[in-house]
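The values are calculated or read from the model by the stated rules, or taken from the named source; none is laboratory data. It should be emphasised that the depicted structure is a prediction, and the values quoted were computed from it without experimental measurement. Note: ideal-geometry Cβ built from the backbone for every residue, glycine included; neighbour counts use all protein chains shown.
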Amino acid sequence: MNERTRVVQNPLDAVALETAMENVHRAGMPGVFAEVRDGDQVWRGAAGVADVATGRPVTAGMRHRVGSITKTFTAAAVLQLVETGQIGLDTSIGHYLPRLVPGDRGDAITVRMLINHTSGLAEYLPHAYPSLKAFPSLADTGPESMDDHRLTRFDPTDLIGMGVAAPAVGAPGGTPGLYSNTNYLLLGQLLEHVTGTPAEKLITRNVIDRAGLPDTRFPDGPQVQGPHSRIYEAWFGMIDPPRDYSLYDMSWVGPSASLISTMADLNRFFGMLLAGEIVAPSSLAQMRHTVPVISQEGKVIDYGLGLHPMEVPGGGTFWGHGGTVWGGGTLSMTRADGRRQMSVAINLQRWNRLDASGKPQPHPIDDALAALYRVAMCGQPADTRNVVSPRPRAS
C-alpha cells in the first residue's frame, strides 16, 4: 500500500455530498446517513426514511448497529494489554484458553492469527443458523433461522465450539486467511480470561470511554436505546418486502460485531486511533501490517489487526473497517494522515437478488454507494470504478 500517493485536497462540498446521498436513497436504499470530516470542517447529512411504514426520516445523529467495526475496538483492547505485557501477540491461544482450542491446534494458533483472521478456524454462523448451513452457496440458504433466533441468547463458548469443531479452513498462519467471527469471540474470551472482566465491559472502559464516545455502547438487551432507524433485511430477495430486524439479541456476535454507535463517534474513534491516542504508535504499526484474507464475500482483501486499507485514486490511503448485521450496514474510513474521514450508515442489507447461477446481481444501490464513498473520501463524484463498497456478510 503506497502511503505516498499524491492526495488532491478537496474541501467538503455540501451540494455534492447531499446529491450523492440522495442518489443512494433514490436507488432503493430506505435510509442513509453520514458524517464527513476534512480537518476542522464537518458535514453531516441524511436522506430517506428510518421507518418505511410511517415515513419517519433518518437523521445524521442516529445510533446504529455497526457490525464488524466492533472488531477494531476489540483489537485495540487486546493490543493495549499486549503493551502492558498481559498478552503476548505471538503467544498461542492454547496457552490462555486450552479448553476452547485444545491440543496441537491451540498451540499453533497465536493471538495475532486470531486478530488478522489467519487462524484457520471456520466461521460458526452457518452452524448456529441452520438455514444458512449451505453458505457460501447463497441460493441454498434461507432467512428462516434469522427469525427463529431473534431473541436467542447465545453462549459465546458454544459458538466458539461450533467454529472449532468445524473443518479447518486453512493452516494456522497460512495465507490467504479466511474472515471468521470465531476468531473475535475467542479474543473476547481471552480478554476476560486475562483481566477477569467481561470483554464488553473492558472494551467500554479501556477503549470507548478512553476515546470519549458518548453514544457508543454494547447492547444490554435486544433494543437500540436512543434515536435510531429500523433496519431491513432482504436476504437476496428471499425476504420481500424486507423485514425489520432492529429488535434483535446480539449475543450471536458479541465482541465481534454487536456494537452500537453514531457516525460522529466512529469518526472520533478512528481519528484518535490513527493518531496513536488509543494504542501506542508501535501497536498502531502492527495494526496496519496487512496480510491477504478472503472476505465473506469471497474476495481477497488486505487485512491488518482489526483494520483494513482502501486505496482511493486521488484520495490517498484510508484505514478503517466496514460491517453489517441483519438489516444494517456501516463503513468508516479515515485517511492515513487523519485529515479526511467518512462514516456512512445504511438501513437495508442484501438487496442484490441472485442470478440463475446463484450469484448476487448488480443493483443501482451498489454504484450509488460507491459514488457516495468517493465524494465523501476525496470529493470526486465522476469515476466510481475503483471504489469498492465492502459489505462483509453478517459481520
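Identify, please: which residue in the stretch 259-270 is assigned to a helix (DSSP H, G or I) and aliphatic (A, V, I, L, M) and is, among those, nearest to ASN181 (Cα to Cα)?
LEU266
Can you report the number of residues in the stretch 69-97 which are part of a helix (DSSP H, G or I) and in contact (Cβ under 8 Å) with a residue 24 or more places away in the chain?
17
Of the residues THR54, THR19, which is among the β-branched types (Val, Ile, Thr) and either part of a loop (DSSP other than H, G, I, E, B) or at pLDDT below 95 (or both)?
THR54
Conditions: (1) touching a helix residue (DSSP H, G or I) at 6+ places or on another chain (Cβ under 6 Å); (2) closer than 26 Å to THR152 by Cα; (3) not in a loop (DSSP other than H, G, I, E, B). LEU100 meets all but one. Number of the miss?
Of the numbered conditions (1) touching a helix residue (DSSP H, G or I) at 6+ places or on another chain (Cβ under 6 Å); (2) closer than 26 Å to THR152 by Cα; (3) not in a loop (DSSP other than H, G, I, E, B), the odd one out for LEU100 is (3).
Cβ contacts < 9 Å: first residue of a type in the set (Lys, Arg), restricted to the stretch 115-133; second residue part of a loop (DSSP other than H, G, I, E, B) and surrounded by 19 or more Cβ atoms within 10 Å (Cβ to Cβ), any location; separation 6+ or different chain. Result?
Final answer for the pair search is LYS133/THR141.
Take the residues in the stretch 62-79 that are farther than 19 Å from PRO198 by Cα and of a type in the set (Lys, Arg), then tell me which one is nearest to the chain's Cα centre (by Cα).
Of everything passing the filter in the stretch 62-79, ARG65 is nearest to the chain's Cα centre (by Cα).
Just give me the residues in the stretch 107-134 being more than 15 Å from ALA168 (Cα to Cα) and small (Gly, Ala, Ser), in sequence order.
Of everything in the stretch 107-134, those that are more than 15 Å from ALA168 (Cα to Cα) and small (Gly, Ala, Ser) turn out to be ALA128, SER131, ALA134.
Would it be correct to say that LEU213 is touching a residue at least 24 places away in the same chain (Cβ under 8 Å), touching a strand residue (DSSP E or B) at 6+ places or on another chain (Cβ under 6 Å) and of a type in the set (A, V, I, L, M, F, W, C)?
In short, no.
From the list SER258, SER282, which residue is within 17 Å of the chain's Cα centre (by Cα) and hydroxyl-bearing (Ser, Thr, Tyr)?
SER258
Scan the stretch 17-45 and report the pairs whose first residue is more than 14 Å from ASP367 (Cβ to Cβ) and whose second residue is surrounded by fewer than 24 Cβ atoms within 10 Å (Cβ to Cβ) and β-branched (Val, Ile, Thr), with Cβ atoms within less than 7 Å and a gap of 6+ or a chain change.
Within 7 Å, the pairs are PRO30/VAL49; PRO30/VAL52; GLY31/VAL49; PHE33/THR59; GLU35/VAL42.
Considering only the stretch 129-172, state which residues are over 19 Å from ARG243 (Cβ atoms) and in a helix (DSSP H, G or I).
The answer is ALA139, ASP140, PRO156, THR157, ASP158, LEU159, ILE160, GLY161, MET162, GLY163, VAL164, ALA165.
Any residue that is surrounded by 22 or more Cβ atoms within 10 Å (Cβ to Cβ) and over 24 Å from HIS95 (Cα atoms) - is there at least one of those in the stretch 186-207?
Yes - at least one qualifying residue is present in the stretch 186-207.
How many residues are assigned to a strand (DSSP E or B), within 13 Å of the chain's Cα centre (by Cα) and among the β-branched types (Val, Ile, Thr) if we restrict to the stretch 313-345?
3
Would you pick out the residues in the stretch 217-258 that are in a strand (DSSP E or B) and in contact with a Lys or Arg (Cβ under 8 Å, 6 or more places away or on another chain)?
Step one: list which residues in the stretch 217-258 are in a strand (DSSP E or B), which gives 217, 228, 232-233, 243-244.
Of everything in the stretch 217-258, those that are in a strand (DSSP E or B) and in contact with a Lys or Arg (Cβ under 8 Å, 6 or more places away or on another chain) turn out to be HIS228, TYR232, GLU233, ASP244.
Give just the number: which of (1) in contact with a helix residue (DSSP H, G or I) (Cβ under 8 Å, 6 or more places away or on another chain); (2) within 28 Å of GLN86 (Cβ to Cβ); (3) touching a residue at least 40 places away in the same chain (Cβ under 8 Å) does GLY161 not satisfy?
(1)
Give the number of residues within the stretch 271-311 that are touching a strand residue (DSSP E or B) at 6+ places or on another chain (Cβ under 6 Å), part of a loop (DSSP other than H, G, I, E, B) and buried (at least 18 other Cβ atoms within 10 Å of the Cβ).
Of the residues in the stretch 271-311, 2 are touching a strand residue (DSSP E or B) at 6+ places or on another chain (Cβ under 6 Å), part of a loop (DSSP other than H, G, I, E, B) and buried (at least 18 other Cβ atoms within 10 Å of the Cβ).
If we keep just the residues of the stretch 258-270 that are in contact with a helix residue (DSSP H, G or I) (Cβ under 9 Å, 6 or more places away or on another chain) and either among the hydrophobic types (A, V, I, L, M, F, W, C) or without any contact (Cβ under 8 Å) to a residue 24 or more places away in the chain (or both), which is surrounded by the fewest Cβ atoms within 10 Å (Cβ to Cβ)? Even if it seems obvious, please write down each step before you answer.
Initial filter on the stretch 258-270 (in contact with a helix residue (DSSP H, G or I) (Cβ under 9 Å, 6 or more places away or on another chain)): 258-261, 265-266, 268-270.
Within this subset, residues satisfying the condition of being either among the hydrophobic types (A, V, I, L, M, F, W, C) or without any contact (Cβ under 8 Å) to a residue 24 or more places away in the chain (or both) are 259-260, 266, 269-270.
Values: LEU259: 34, ILE260: 22, LEU266: 31, PHE269: 28, PHE270: 27.
In this case the residue turns out to be ILE260.
What number of residues in the stretch 173-185 are assigned to a loop (DSSP other than H, G, I, E, B) and more than 17 Å from THR91 (Cα to Cα)?
4
Let me spell it out: the conditions are (1) under 22 Å from the mean Cα position of the chain (by Cα); (2) crowded, with 16+ Cβ neighbours inside 10 Å, and GLY170 meets all of them except one. Which number is the exception?
(1)
Answer with yes or no whether GLY61 is outside any helix (DSSP H, G or I) and farther than 18 Å from GLY161 by Cβ.
Numbers: outside any helix (DSSP H, G or I): yes; farther than 18 Å from GLY161 by Cβ: yes.
Considered against the rule, which asks whether it is outside any helix (DSSP H, G or I) and farther than 18 Å from GLY161 by Cβ, GLY61 comes out as yes.
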